[in-house]
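Peer 1: Input: one structure, supplied below.
Taken together, the values in this text are just the output of simple stated rules run on the coordinates, not laboratory data. It should be emphasised that the depicted structure is a prediction, and the values quoted were computed from it without experimental measurement. Cβ: placed from backbone, ideal geometry, glycine included. Neighbour counts: every protein chain shown.
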Amino acid sequence: MEASKNSYHIVLEKQDEGGYTVYVPELPGCISQGETEKGALENIQEAIDLYISEMRISNLERLLSRIKIIEPAPSVSV
């Protein structure tokens, strides 16, 4: 998996029922969990990588959908 080159703030919260929840405020919906702090941090790194990969794919698809292929004009003999 490609590592993210950017830095993000993460929020790590200990859960009353056990384990940890972790999320990235800058990346809406990027959330994970783990039984231990270490596990939660490893899981959020994977979630960040997947989130960024999906954003790149979505942006590429959006750009490609805007490309209009123009057919060359037919040649005219004089």
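Peer 1: Using the number of other C-beta atoms within 10 angstrom as an exposure proxy, rank 24, 11, 76 with the fewest first.
Peer 2: Arranged by neighbour count, lowest to highest, 24, 11, 76 become 76, 11, 24.
Peer 1: Two-decimal Rg/Rh of the chain from alpha-carbon positions, Kirkwood Rh?
Peer 2: 1.41
Peer 1: Using alpha carbons only, how many degrees (0 to 90, rounded to 10) separate the axis of helix 37-65 from the longest principal axis of the chain?
Peer 2: Computed tilt is about 10 degrees.
Peer 1: Label-point separation (nm) for residue 49 and residue 33, each offset 7 Å from Cα along Cα-to-Cβ?
Peer 2: Distance between the two pseudo-spin positions: 2.3 nm.
Peer 1: When 21, 36 are ordered from fewest to most other Cβ atoms inside 10 Å of their Cβ, what list results?
Peer 2: Lowest count first: 36, 21.
Peer 1: Arranged by the count of other C-beta atoms within 10 angstrom, fewest first, what order do 41, 64, 27 take?
Peer 2: 64, 41, 27
Peer 1: Among 59, 34, 20, flag the residue with its Cα farthest along the positive direction of the charge dipole of the chain, charges on Cβ as +1 for Lys/Arg and -1 for Asp/Glu.
Peer 2: Positive-end residue among those listed: 59.
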